[in-house]
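Only one structure is covered here, and it is reproduced in the block below.
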Amino acid sequence: MTTYAALLRGINVGGSRKVPMAELRTLMEGLGYDGVRTYLQSGNAVFSSDHGDEDALAVELSGALEKHFGFTVDVLVRDHAYLRAVLDDCPFPAADLEAKQLHATYFSEPVGAERFASIDQHAFLPEEFRLGDRVLYLYAPDGLGRSKLGENLSKPRMTKGVIATSRNWNTVTKLVELTSG
């Protein structure tokens, strides 16, 4: 059995696309996943499965969510080793920053620097971003809500063709802890 985190994109934001966590847990248990737990209300679930294929698990869960709730929910599934690598490979001094200053945007597939070539990083300093393995790290000293760089990075043309979902550093850290099982 492998322990995974399911990252649901764009649910429970602004009163729309509601997915109650108790219903999510029940739905996931109905799919045969073990040890299902949720974290916060923003679409983070941890579970165990012997399936072994993250993409197939994501498709299965997304389909079940659409059938149950009546709307499409993009889902990424990542195992503990990947989540740990994202934490360990952070190019910014995470231990010295407030969690609201650092974010990880997880992608469904690798993205190259050419995708973001139109962004003049120097124009947004002191905000910065760096790419990793299917992840973008964003340093936003005033938080994501005030981040002009974050706003530009999340434009549809930047994420076209991939699923992208962001988490603050507290959540990144907590998901590593919860999947360490």
In debye to the nearest 20, how big a dipole does the chain give about its Cα centre with +1 on each Lys and Arg Cβ and -1 on each Asp and Glu Cβ?
-> 640
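Go ahead and estimate [θ] at 222 nm for the chain from helices alone: -39,500 (n - 2.57) per DSSP H run with n ≥ 4, summed, over the residue count, rounded to 500. Mind dumping the intermediate values first?
On the way: 6 runs with 56 residues, N = 181.
Dividing the helical sum by the residues of the chain leaves -9000 deg cm²/dmol.
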Per-residue accessible area for MET1 at 1.4 Å probe radius, Å² rounded to 10?
-> 140
Can you count the Lys pairs in the chain whose Cα atoms are under 28 Å apart, with each pair 8 or more apart or on different chains?
-> 14
THR179, THR72, ranked by accessible area, largest first (probe 1.4 Å) = THR72, THR179
Kindly point out which whole DSSP H helices in the chain project their C-alpha atoms 20 angstrom or further along the helix axis while averaging a Kyte-Doolittle hydropathy of -1.0 or above.
-> 54-69
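Working out 0.36 nm times the residue gap between GLU114 and GLU177, then minus their Cα-Cα distance, what length gain in nm do you get to one decimal? Please report the intermediate quantities before stating the final value.
Working: separation 63, 0.36 × 63 = 22.68 nm, distance 3.30 nm.
Residue separation times 0.36 nm, minus the Cα-Cα distance, leaves 19.4 nm.
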Be a star and scan the stretch 147-175 for residues whose amide nitrogen sits under 11 Å from the point 7 Å along the Cα-to-Cβ vector of ALA123.
-> 149, 152
May I ask you to evaluate 6.51 cos²θ - 1.76 cosθ + 1.60, the Karplus curve with θ = phi - 60°, for each residue of the stretch 108-118 and list the ³J(HN,Hα) values in order in whole Hz, giving x for glycine and proline?
-> 6, 8, x, 10, x, 4, 4, 4, 10, 4, 6
DSSP loop trypsin sites (Lys or Arg not before Pro) with at most 15 other Cβ within 10 Å: longest gap in the chain = 19-159
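The values are calculated or read from the model by the stated rules, or taken from the named source; none is laboratory data. Keep in mind that what you see is a predicted model, and the values were worked out from it rather than measured. Methodologically, a virtual Cβ is constructed for each residue, glycine included, from the backbone with ideal geometry; neighbour enumeration extends over all protein chains shown. Just so you know, the surface numbers come from the protein's heavy atoms only, side chains and all, with ligands and any DNA or RNA stripped out. Shrake-Rupley method; radii C 1.70, N 1.55, O 1.52, S 1.80 Å.
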